[in-house]
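**Student:** Here it is: the structure, laid out below.
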Amino acid sequence: MDRSLDDFWEAAERAREKGKGLKFNRYGKNLRYNSAGIYSYNTKIADLNFAFRSVSKRDVYSKTSNKHYNYALRMLELCYDFYEASPSPPGMPREWLHPVQNLSYDDHT
């Protein structure tokens, strides 16, 4: 993880297009990532959003997956200033937590 964010994203995108994942330095055999998310034992445990530099945790099924998620989040925070997206409250769609895009001046009056 010693590359720029652009290089990191391009490598992750190429891996996703090939249906593969890139290894983290630690847990490399079972923890991988691509531009779509983070995978522990081929189970997607988190979504990556490069536009907002956020990591959204999915349901974690085991202690090992939780350990993998925490390590991956820590590495992404340290190297690329990613942050953990807050989960949506029960019954509230995730879209409501993100800012509305493409509003015109007329929409505010």
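Laboratory data are not the source of any read-out in this text; all were calculated from the coordinates shown. Given the structure is predicted, the values throughout are model-derived calculations rather than measurements. Cβ sites come from the backbone with ideal geometry, for glycine too, and all protein chains shown count toward neighbours.
**Student:** Along the charge dipole of the stretch 5-99, Cβ charges K/R +1 and D/E -1, which of ALA72, GLY28, TRP9 sits furthest on the positive end?
**Tutor:** Value: GLY28.
**Student:** Here is a follow-up. Highest mean first, how do 59-69, 38-48, 20-30 rank when packing is the count of other Cβ atoms within 10 Å averaged over residues?
**Tutor:** Values: 59-69: 15.0, 38-48: 18.1, 20-30: 12.9.
In descending order of packing, they fall as 38-48, 59-69, 20-30.
**Student:** For THR43 and SER86, compute 0.36 nm times the residue count separating them, minus their Cα-Cα distance, and round to one decimal in nm.
**Tutor:** On the way: separation 43, 0.36 × 43 = 15.48 nm, distance 2.09 nm.
Taking THR43 through SER86 to full extension adds about 13.4 nm, to one decimal.
**Student:** Which value, in debye to the nearest 20, describes the size of the charge dipole of the stretch 5-99 about its Cα centre when Lys and Arg Cβ atoms bear +1, Asp and Glu Cβ atoms bear -1, and nothing else is charged?
**Tutor:** Numbers: 16 positive and 11 negative charges, 124 e Å.
So the magnitude is around 600 debye.
**Student:** What three numbers, in Å, describe the spread of the alpha carbons of the stretch 5-99 along their principal axes, ordered from the longest?
**Tutor:** Projected onto the principal axes, the Cα atoms of the stretch 5-99 cover 36, 31, 25 Å.
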